[in-house]
Amino acid sequence: MSDELKPADWQDVAEPAPETDPERYIGNLLLPVVVLALAAVFFVQTLDFPDGGEDVGPAGVPYLWIGFCAFFCVVLIVQAILRKLPPDPKPGRIGFVILFAGWLAVYLTAIENIGYYTSTFVFLLVSMYVLTYRHYAIMLGVTVSWLVFAYIVFAKVLYIQLPTGPLTRMFLG
């Protein structure tokens with residue numbers, strides 16, 4: 001019995017507290033590092049964009065997004081290193097994440113086939129429902145508001161026509 005641990009000795013061999021365990025902060029660090037690396041890849045890709053002359057060129061908006069993304073990723077990395085963020089949650093349903101990534105791939109394919117507005121309408125409603133949000137009026141309001149916002153910004157302000165897709169064009173004439 002002397003070689004066995006007694007209940008009073010269990011405290012000495014207990015696992016470290018979740019707040020002090022460095023492994024509990026890997027996700028807080030890993031995600032912004034990966035996004036920052038992607039931002040760097042996108043930045044390199046924009047170097048081939050044509051020059052816009054005196055006006056903002058084709059790379060203007062991507063530079064803006066890349067800059068914001070890089071800034072906030074650096075902020076998150078610093079907070080993760082200083083452990084200012086809560087520790088990573090315990091692992092959950094990875095199958096659900098994979099399924100949702102597949103749903104996102106279906107949505108991106110649907111944009112080209114049935115158009116941005118129709119596929120986004122379906123994608124947002126189904127996504128909110130699958131993520132267990134059940135306030136239907138708010139779901140519809142958010143979806144319609146996003147589509148109106150996207151239409152105003154892209155079609156009216158920036159003069160960028162979002163994909164309509166062959167199925168939508170067939171119904172519209």
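The values are calculated or read from the model by the stated rules, or taken from the named source; none is laboratory data. Nothing here was measured: the structure is a model prediction, and the numbers come from that model. Every residue, glycine as well, gets a Cβ built from its backbone with ideal geometry; the counts of neighbours run over all protein chains shown.
Values as computed for the structure displayed
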| read-out | value |
| --- | --- |
| Among (1) in contact (Cβ under 8 Å) with a residue 24 or more places away in the chain; (2) farther than 19 Å from VAL34 by Cα, the one test that PRO87 misses | (2) |
| Residue satisfying condition, being more than 17 Å from the chain's Cα centre (by Cα), among the small types (Gly, Ala, Ser) and surrounded by fewer than 12 Cβ atoms within 10 Å (Cβ to Cβ), within set GLY92, GLY115, GLY165, GLY102 | GLY92 |
| Hey, PHE68 surrounded by 11 or more Cβ atoms within 10 Å (Cβ to Cβ), without any contact (Cβ under 8 Å) to a residue 12 or more places away in the chain and of a type in the set (Phe, Trp, Tyr) or not | yes |
| Counted residues, segment 28-44 - those being surrounded by 12 or more Cβ atoms within 10 Å (Cβ to Cβ) and farther than 30 Å from PRO91 by Cβ | 1 |
| Test result for ALA17, small (Gly, Ala, Ser), assigned by TED's automatic domain parsing to the domain that holds GLY67 and modelled with pLDDT under 75 | yes |
